[in-house]
Amino acid sequence: MRLPFSRFVNDLIITINRAPGLLLPIGGWLNITIFEVACRMCGLEPTVPLFAALFTVSHKSFQTTVPLFAAIDFILRSL
């Protein structure tokens with residue numbers, strides 16, 4: 001992740017009340033980054049409510065409520 005964070009990442013970190021260093025690189029940052037890039041590639045603004053519809057927060061990392069590629073498919077179909 002680059003610093004400073006995007007508005008979406010800032011909003012997400014505030015919403016989940018976690019320090020950036022507590023997010024695991026594989027589960028946390030990877031899901032956040034893929035979600036943000038997929039939204040932007042589709043011309044959508046990534047938002048916390050949309051992210052929350054596809055992912056849940058656990059004490060270990062973000063867990064997808066749907067497979068990641070299904071989440072990307074959902075974003076593409078919502079255009």
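Candidates are the residues of segment 16-39 that are outside any loop (DSSP other than H, G, I, E, B) and more than 12 Å from the chain's Cα centre (by Cα); the one that is modelled with the highest pLDDT is 20.
Remark: pairs (first residue in segment 4-32, surrounded by 11 or more Cβ atoms within 10 Å (Cβ to Cβ); second residue modelled with pLDDT of 90 or more; Cβ separation under 6 Å; 6+ apart in sequence or on different chains) = 8/36; 8/46; 11/48; 12/48; 15/48.
The values are calculated or read from the model by the stated rules, or taken from the named source; none is laboratory data. Bear in mind the structure is a predicted one, so any value in this text is a computation, not a measurement. All Cβ positions, glycine included, derive from the backbone under ideal geometry; neighbour counts span all protein chains shown.
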